[in-house]
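Report on one structure; see the data block that follows.
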């Protein structure tokens with residue numbers, strides 16, 4: 001067996017040592033920089049290692065900068081929560097006084113309006129309606145006691161209110177004759193007067209712009225009947241005419257009715273008035289006037305009316321026909337201003 005040549009052993013040892021030394025040099029910088037194996041492989045030389053180090057630093061800087069920008073823009077959750085919490089109370093404190101001020105400003109006119117409006121609401125209890133000052137066509141019906149006949153009341157109601165809402169100098173001119181004083185408390189919707197031999201107490205239950213209505217109440221508070229008062233129309237407050245009526249046929253043929261006619265009209269077309277004959281007899285009447293057409297019922301005797309119907313002619317004068325007072329009676333009539 002041939003021996004291994006000594007010079008080859010020496011060469012092998014030297015090559016091995018060189019390889020170990022060179023390997024230590026290459027590995028040491030890589031570990032010192034803390035770079036990945038990719039950086040070590042890409043930069044085996046010194047100059048390339050410096051370049052790689054610069055690249056790594058630039059990359060780290062670039063990575064930190066966006067992190068800083070991101071933190072500034074969005075803030076950390078803690079900073080964002082703190083900012084929001086701080087802003088919210090400020091907004092709340094500012095908003096709350098503003099809302100309160102607005103509410104107070106809005107409420108003030110409302111209270112003022114209520115105080116100065118003069119409406120009956122603040123001075124009445126439920127079921128009560130104030131009686132406005134004015135002149136009305138008053139109509140009422142009632143049964144004074146169980147089993148009694150129905151009694152009717154009609155006339156011109158003049159309402160005047162004095163101190164503390166009391167009715168003063170208020171009157172009811174009855175179509176049945178005479179004028180009676182009316183007492184009560186306007187602000188409480190209460191009226192009281194004597195008619196048909198009875199003392200009547202009325203309580204308003206509804207009020208509109210041109211009409212009010214209510215109930216007649218008994219001494220113990222029970223309801224006896226009802227009433228309605230309608231505002232007298234402008235220009236129809238007791239218009240005076242000269243009335244002439246003649247019965248041309250029937251049992252009363254040849255009978256005439258001549259005298260002064262006083263006619264009142266309300267805003268619903270209702271009529272009432274008095275015909276005072278030349279012999280001083282006063283006949284009461286009521287009726288309707290619609291679009292110039294006039295119908296009147298004139299009571300010539302108790303329970304015996306005379307029916308007249310007619311139309312308005314030039315100058316506001318009236319004319320028409322008569323039926324009654326007895327069956328078969330017919331005639332004509334005129335009313336001239």
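The values are calculated or read from the model by the stated rules, or taken from the named source; none is laboratory data. Just so you know, these numbers come straight off a predicted model, no measurement behind them. Positions of Cβ are generated from backbone atoms using ideal geometry, with glycine treated the same way; all protein chains shown enter the neighbour counts.
Details
- Criterion: under 34 Å from the mean Cα position of the chain (by Cα) and under 24 Å from residue 289 (Cα atoms) - qualifying residue of 234, 190: 234
- Search result, residues across region 292-324 that are out of contact with any strand residue (DSSP E or B) (no Cβ under 9 Å at 6 or more places or on another chain) and farther than 26 Å from residue 151 by Cβ: 314
- Summed over region 156-179, the residues that are at pLDDT 95 or above, surrounded by 14 or more Cβ atoms within 10 Å (Cβ to Cβ) and closer than 26 Å to residue 281 by Cα give a count of 7.
- Of all residues in region 247-259, those that are closer than 21 Å to residue 273 by Cβ and in the same structural domain as residue 300 (by TED's automatic domain parsing) have Cβ atoms under 7 Å from Cβ atoms of residues that are surrounded by fewer than 13 Cβ atoms within 10 Å (Cβ to Cβ) and at pLDDT 95 or above, 6 or more apart or on another chain, in 247/254; 258/278; 259/278.
- Only one entry in 225, 214 is part of a strand (DSSP E or B) and under 27 Å from residue 305 (Cα atoms), namely 225.
- Any hit, region 198-217, residues being in the same structural domain as residue 152 (by TED's automatic domain parsing), surrounded by 18 or more Cβ atoms within 10 Å (Cβ to Cβ) and in contact with a helix residue (DSSP H, G or I) (Cβ under 6 Å, 6 or more places away or on another chain): no
Residue by residue, here is whether (1) in a strand (DSSP E or B); (2) in the same structural domain as residue 254 (by TED's automatic domain parsing); (3) at pLDDT below 90; (4) within 24 Å of residue 173 (Cβ to Cβ) holds:
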{"residue": "285", "(1), (2), (3), (4)": "yes, yes, no, yes"}
{"residue": "288", "(1), (2), (3), (4)": "yes, yes, no, yes"}
{"residue": "294", "(1), (2), (3), (4)": "yes, yes, no, yes"}
{"residue": "299", "(1), (2), (3), (4)": "yes, yes, no, yes"}
{"residue": "306", "(1), (2), (3), (4)": "yes, yes, no, yes"}
{"residue": "310", "(1), (2), (3), (4)": "yes, yes, no, no"}
{"residue": "320", "(1), (2), (3), (4)": "yes, yes, no, no"}
{"residue": "328", "(1), (2), (3), (4)": "no, yes, no, no"}
{"residue": "331", "(1), (2), (3), (4)": "yes, yes, no, no"}
